[in-house]
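Report on the following structure.
A short reminder: the numbers here are calculations on the coordinates, not readings from a lab. All of these numbers come straight from a predicted model, not from anything done at the bench. Glycine gets a Cβ as well: all are built from the backbone with ideal geometry, and neighbour counts include every protein chain shown.
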Amino acid sequence: MATLFYNNGKKLLINGGIDLDTDTIKVSLHSSSYTPDIDAHDFFDDLTNEVSTSGSYTAGIAGGITLANKAVTADNTNNVGKFDADDAVVTTFTGTARWAVLRKDTGVAGTSALIVAIDLTSVSTTAGTLTITWSSSGIINLA
């Protein structure tokens, strides 16, 4: 999975505006028609082409998938900092998603900061379970 960091998200991670293990972090799903712009897209209200509400997935600022069991750790063996959480699961979902976009959720589209866009290379299901299985090295891995 290719991961694109939004520049505003980088800034907020560095200056403490985003705390990955204590803030509410949500994932929104977007179609292949969405093109991430790491320079211009700062907040949830900049996103386009979110997939429609289906099954346990609700589109919009009130929706998305809330990450559970988040953890930020240091891996001294591989010399990396890692952010990880449980895999994201949507049940009875019908649709196709290309991008998973992580945000710090404030409940307001204009202040919910974008962190990363992850290229899922299009995953589809019809009335099934859509699971985003994060890499064993973490959702975000900083070397």
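I'm trying to understand the selection: among the residues of the range 5-14, which are outside any loop (DSSP other than H, G, I, E, B) and either at positive phi or surrounded by 14 or more Cβ atoms within 10 Å (Cβ to Cβ) (or both)?
Those that are outside any loop (DSSP other than H, G, I, E, B) and either at positive phi or surrounded by 14 or more Cβ atoms within 10 Å (Cβ to Cβ) (or both): Phe5, Asn7, Asn8, Gly9, Lys10, Leu12, Leu13.
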Some residue of the range 103-111 being assigned to a strand (DSSP E or B) and touching a helix residue (DSSP H, G or I) at 6+ places or on another chain (Cβ under 8 Å): yes
All positions within the range 40-62 that are surrounded by fewer than 16 Cβ atoms within 10 Å (Cβ to Cβ) and at positive phi: Asn49, Gly60
Test: residue in the range 23-39 that is in contact with a Phe, Trp or Tyr (Cβ under 7 Å, 6 or more places away or on another chain), surrounded by fewer than 14 Cβ atoms within 10 Å (Cβ to Cβ) and not in a strand (DSSP E or B): no
Enumeration of residues in the range 112-127 that are surrounded by 15 or more Cβ atoms within 10 Å (Cβ to Cβ), farther than 15 Å from Thr22 by Cα and among the polar types (S, T, N, Q): Thr125
Hits in the range 54-70 - residues which are free of Cβ contacts under 8 Å to residues at least 60 places away in the same chain, more than 16 Å from Ile115 (Cα to Cα) and either in a strand (DSSP E or B) or among the hydroxyl-bearing types (Ser, Thr, Tyr) (or both): Ser54, Ser56, Thr58
Only listed residue being touching a residue at least 24 places away in the same chain (Cβ under 8 Å), assigned to a loop (DSSP other than H, G, I, E, B) and surrounded by fewer than 21 Cβ atoms within 10 Å (Cβ to Cβ), chosen from Gly17, Gly81, Gly95: Gly17
